[in-house]
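The values are calculated or read from the model by the stated rules, or taken from the named source; none is laboratory data. Computed from a predicted structure; not experimentally measured. Quick reminder, even Gly has a Cβ in these numbers, built from the backbone with ideal geometry, and neighbours come from all protein chains shown.
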Amino acid sequence: MTINVLTLFPEMFSALRTSVIGRAIDNGVVTLRTVNIRDYSADKHAKCDDYPYGGGAGMVMTPQPIFDAVRAVDPTHACKRIYLSPKGKTLTADKAQQLAQCGDLLFLCGHYEGVDQRALDLCIDEELSIGDYVLTGGELAAMVTIDALLRFVSGVLGSEQSAADESFSKARLEYPQYTRPRVFEGLEVPEILISGHHENVDKWRREQSDTLTRKLRPDLMEKRG
Ligand code: ADE
C-alpha cells in the first residue's frame with residue numbers, strides 16, 4: 001500500500017516514522033511518500049499562498065502548486081484522494097477500516113485559512129475531519145488518520161493483535177491492563193489475573209469492558225449489535 005501526503009511541511013511526518021508505523025514502513029508493508037507542495041510552485045519565489053478574494057483574514061493556498069503536485073503524484077487517479085478539513089465527515093474506526101481497504105491513498109494537507117476551492121473541486125474525492133475543532137493545518141489530522149487506518153492493514157500490528165478486536169470496532173472500551181510488579185505503591189494487580197485460569201480472566205475482562213463502557217461511554221452501548 002502506498003500513502004502519498006501532499007503538504008507544505010513534510011518534516012512533520014517524521015513523527016509517523018517511529019514506533020509501530022515506523023516499523024511497518026521499514027518492513028515495506030506500507031510506503032509513506034511525503035511530497036512538498038512548494039516543489040511544484042510555478043512562482044519564482046515558490047510562493048504557495050495568496051490573499052483571499054473578497055477580503056478577510058489570513059492567506060489561502062493557491063491552486064496551481066496543489067493541482068500540479070496531485071497530477072505528478074497520481075497521474076491516472078489511481079489513489080483515493082482525501083482532503084483533511086473540519087468540513088469533512090468525522091473519522092471513525094469504521095471509516096479507518098474502509099480506508100485501509102481502498103488501495104493507494106493520497107492525503108492533501110491544507111494550511112493557513114485553507115485551500116482555493118478549485119483545487120479541491122478538481123483534485124479531491126472526499127473531505128475528512130478528525131473532530132469538531134480547528135487545527136492550524138491538516139498535517140496532524142492526516143497523521144491521526146494514517147495511524148488509525150494502518151492498524152487495520154495486515155502486517156502492521158503484531159501477528160497476535162488485531163485492530164478489529166479492540167475498542168470501538170466492537171463498541172466497547174478496553175479492560176484495564178497490568179504488568180509487573182505485582183504490588184506498586186501499595187496497589188495490587190487483581191488476583192484473578194494471576195490465577196492462570198483463562199476462562200475466568202476472559203470473563204473478568206469482558207465484565208470490566210462492559211462496566212467501563214456503561215460508565216464512560218454509554219452512547220457506545222447503543223451501537224452494540
Ligand atoms: N484541518 C484543520 N482542522 C481539522 C480537523 N479538525 N480535521 C481535519 N483537518 C483539519
Query - the stretch 84-133, subset of a type in the set (S, T, N, Q) and closer than 14 Å to Ala148 by Cα, residue nearest to the ligand (Cβ to nearest atom) - result: Ser129
Query - Pair list, Cβ < 7 Å and 6+ apart or interchain, from the stretch 6-23 residues that are farther than 22 Å from Val153 by Cα to residues that are assigned to a helix (DSSP H, G or I) - result: Thr7/Ile37; Thr7/Glu139; Leu8/Ile37; Leu8/Arg38; Phe9/Glu139; Met12/Glu139
Requested in this report: Would you mind telling me which numbered condition in (1) farther than 20 Å from Asn4 by Cβ; (2) within 13 Å of the ligand (Cβ to nearest atom); (3) not basic (Lys, Arg) Val144 fails?
Outcome: (1)
Query raised in the report: Quick one: Leu150 ticks every box in (1) surrounded by 15 or more Cβ atoms within 10 Å (Cβ to Cβ); (2) of a type outside the set (Asp, Glu); (3) within 16 Å of the ligand (Cβ to nearest atom) bar one, so which box is it?
Result: (3)
Query raised in the report: What are the residue pairs meeting all of these: first residue in the stretch 165-190, first residue at positive phi and modelled with pLDDT under 95, second residue surrounded by 10 or more Cβ atoms within 10 Å (Cβ to Cβ) and not charged (D, E, K, R), Cβ atoms under 7 Å, and 6 or more apart or on different chains?
Result: Phe168/Ala93; Ala171/Leu220
